[in-house]
Amino acid sequence: MHFLYICQAIDLVLDDLLGNKEFAGGILDVIWCVVRRNSLGGIAGGPLIRSLLMLALENNGSIQLLRQTVVCANQILRSKQTVSSFFNISRETSSIMLGIGKMLFNTGDYETQAVILEAVFRLSNPSDRKYWAEKWFQSDQLREHFINFKPDNFELECRKFLNTLNSTQGSSRRVYSFICKSIIFGGYKVLKPYGSDLWVDFNLDSQSVSFYVADLSQDEHVYDSRSLWETIILEKNHVAYSNITFGVNQGYQLVSIQLHRPCADLVGYNIASSLHSHRFSVCDNKVLLMLPEDDIVHSLLQNIYGELHQGQVVASSQPCDDSNIENSNVSELETEIGSSQPFTVSSTVRKSSVVVTPMKMEKITQKKKASKVS
């Protein structure tokens with residue numbers, strides 16, 4: 001009963017927040033604490049879901065606020081009673097559903113697109129997904145992908161679907177994704193999520209570079225299909241500078257991103273402690289991405305990091321500038337790329353959200369199992 005009163009109170013506050021978003025982040029922190037410490041809402045959560053989705057649709061603030069709102073909604077939508085309650089009490093159901101699906105095209109941030117897509121699947125039944133596919137997607141390819149989407153493998157299916165969606169946007173495209181050959185994160189070589197390539201996303205709206213990696217807190221030999229994924233997001237306000245070195249190996253370029261803070265701050269205390277005991281340099285604040293050579297990466301980094309992107313280009317036959325890039329790290333990646341040994345592939349099919357953001361809620365959600373979406 002107490003949770004019912006809490007839902008009703010927060011619902012009233014959120015109605016006011018639709019026109020006063022400067023306090024929305026703090027209120028969402030409160031909601032997150034409530035839904036984590038209580039049952040997931042049940043019938044009482046219907047009005048709350050309505051307000052959260054309305055807040056998401058009418059958000060004219062930051063991508064981070066939008067993501068935070070939808071993450072809260074997804075946590076509550078894990079209750080099937082809440083979903084039923086939402087459709088029973090909300091007169092705006094159809095317009096909300098239409099708007100949530102359309103948001104996928106207007107959001108230039110992969111992680112936010114992913115949580116929106118999760119909400120779409122939690123709100124729709126297999127029987128009505130064909131109907132909504134016709135409403136949301138003009139492309140036959142997208143409609144087919146959506147109708148045949150396998151929620152049991154949500155993270156992998158999500159990657160395929162969103163890559164397709166973003167590639168159809170032409171000049172309006174706001175997310176660019178590339179398969180990365182290798183990532184050094186604070187001196188720690190990260191592993192690919194189980195069954196996935198090592199994707200790196202360049203997000204124009206959130207001014208960030210992001211990537212999913214295998215559970216950083218685990219040893220390589222303990223990875224299995226039940227392990228978590230980590231999401232690392234490098235936002236502009238945490239970057240000191242970035243640059244690109246071309247020609248470090250045949251067909252590859254090295255993106256170097258120097259942070260204002262140690263890489264360990266991007267993950268939770270427990271994970272950082274584990275990494276420290278496994279050769280992770282807590283004080284290292286550099287991220288290195290080995291990507292296939294593509295001129296657009298330079299342009300994307302300029303768009304995302306602006307004046308912070310130095311854009312220095314160094315051919316392989318020329319010496320590297322030690323002030324911008326560490327030769328030892330370049331040599332390590334060159335050796336790895338040229339090695340005949342295959343890359344170690346970790347075994348994870350779940351995702352945790354580790355986001356570099358000042359918002360409290362997303363610091364709390366450093367480890368979360370992505371449950372089956374039905």
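What about Thr69, is it closer than 11 Å to Leu28 by Cβ and of a type in the set (Val, Ile, Thr)?
Considered against the rule, which asks whether it is closer than 11 Å to Leu28 by Cβ and of a type in the set (Val, Ile, Thr), Thr69 comes out as yes.
If I ask for residues that are under 16 Å from Arg67 (Cβ atoms) and crowded, with 20+ Cβ neighbours inside 10 Å, which ones from the stretch 93-108 would you list?
Ile100, Met103, Leu104, Thr107, Gly108
For the stretch 109-118, indicate whether the set of residues that are among the hydrophobic types (A, V, I, L, M, F, W, C), open to solvent by 10 Å² or more (accessible area, probe 1.4 Å), under 23 Å from Val30 (Cα atoms) and assigned to a helix (DSSP H, G or I) is non-empty.
No, the conditions are met nowhere in the stretch 109-118.
Take the stretch 145-186 and flag every residue that is of a type in the set (A, V, I, L, M, F, W, C), open to solvent by 10 Å² or more (accessible area, probe 1.4 Å) and part of a helix (DSSP H, G or I).
Hits for the stretch 145-186 are Ile147, Phe154, Leu156.
State which residue is nearest to Asp295 (Cα to Cα) when the search covers only the stretch 149-178 and only residues that are charged (D, E, K, R) and touching a residue at least 40 places away in the same chain (Cβ under 8 Å).
That would be Arg174.
Residues that are under 30 Å from Leu308 (Cβ atoms), in a loop (DSSP other than H, G, I, E, B) and either modelled with pLDDT of 95 or more or open to solvent by 30 Å² or more (accessible area, probe 1.4 Å) (or both): does the stretch 137-144 have at least one?
So far as the stretch 137-144 goes, no, none of its residues is under 30 Å from Leu308 (Cβ atoms), in a loop (DSSP other than H, G, I, E, B) and either modelled with pLDDT of 95 or more or open to solvent by 30 Å² or more (accessible area, probe 1.4 Å) (or both).
For residues in the stretch 181-196 being over 25 Å from Arg261 (Cβ atoms) and not basic (Lys, Arg), which is nearest to the chain's Cα centre (by Cα)?
Ser196
Take the conditions modelled with pLDDT under 85 and not basic (Lys, Arg) and apply them to Asn74. Does it pass?
no
Would you mind stating whether Ser51 is outside any loop (DSSP other than H, G, I, E, B) and open to solvent by 40 Å² or more (accessible area, probe 1.4 Å)?
No: the conditions fail for Ser51.
Could you list, in sequence order, the residues of the stretch 187-214 that are at pLDDT below 85 and either open to solvent by less than 10 Å² (accessible area, probe 1.4 Å) or within 15 Å of Ser242 (Cβ to Cβ) (or both)?
Residues satisfying the conditions are Val190, Pro193, Val213, Ala214.
In the stretch 238-260, how many residues are open to solvent by less than 20 Å² (accessible area, probe 1.4 Å) and under 17 Å from Leu300 (Cα atoms)?
10
The values are calculated or read from the model by the stated rules, or taken from the named source; none is laboratory data. Given the structure is predicted, the values throughout are model-derived calculations rather than measurements. Positions of Cβ are generated from backbone atoms using ideal geometry, with glycine treated the same way; all protein chains shown enter the neighbour counts. Heads up: the accessible areas ignore ligands, DNA and RNA and are worked out on the full protein's heavy atoms, side chains in. Shrake-Rupley method; radii C 1.70, N 1.55, O 1.52, S 1.80 Å.
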